1. So for the stretch 18-101, averaging the separation of alpha carbon pairs under 8 Å that are six or more residues apart and normalising by length, what relative contact order in percent results?
2. Dividing the convex hull volume of the Cα atoms of the stretch 18-101 by its residue count, what figure in Å³ per residue is obtained?
């Protein structure tokens, strides 16, 4: 026998926060140095991905990416509120945020969280 009413409900519930940076590689400013000025974490990401002289992807990174474009979406932090941690939600919600909010974003580097980080998922 089917229960009365819908079998599920949809609610908007805040479970934490995410921080993203959109980095434009073609806006007349060297993206490498712009990231360095913003924060130490973004500078670390720039050191791995970008050529300091040009502000564009290094040759090695360009060879590995199937992406052609001029913007980079950097996920800096995913923090879940304590009741939502430990359920594997961080990666799922981060993926949804990237693909749902900016589908043409191209590559989205994620800086690994430290073991003491609140980015538990």
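Where a number appears in this text, it was derived from the coordinates with a stated rule and is not lab data. None of the values given here were measured: they were computed from a predicted structure.
1. Relative contact order comes out at 37 percent.
2. Hull volume over Cα atoms, normalised by residue count, gives 117 Å³.
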